[in-house]
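What follows draws every value from the coordinates through simple rules; no lab data is involved. On a predicted model such as this, the values are computed, not experimentally measured, just so you know. With ideal geometry, Cβ positions are generated from the backbone for all residues, glycine too; neighbour counts draw on all protein chains shown.
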C-alpha cells in the first residue's frame, strides 16, 4: 500500500451496521476513501458517518437484493462508472434466517 492513505479507496459491502459499519468508521478515521454497497441506510444519528457522507469521503451505493444478480450488476456498474478505482474489497454483506431450522 502507498504511504499516502488518502489515495486508497475501500469498498465495503454490508456497511450500514455491525462489523461493516465499524470497519467503515475505522478506515474513515485513517483518512481512507470509503465506498459502500448496502441494502439499508446508515444510522441517521451517527454524526461521524453523516459528516463523511456530506464531505464525500464516504460514498454509499444501494442495492435492493445482493442475491439478485441483475440488481447487483446494476449497482456494481454504477460504482464502476463513478469511482476511479477500488484498492481493497471487504465482502462483509451477510444474510440471516428469520427462524432457526434444524435438520434431523
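If R0 equals 41 Å, the separation of the Cβ atoms of residue 71 and residue 7 corresponds to a calculated FRET efficiency of about 0.85.
Between residue 86 and residue 17, the simple spin-label model (points 7 angstrom out along Cα→Cβ) gives 2.3 nm.
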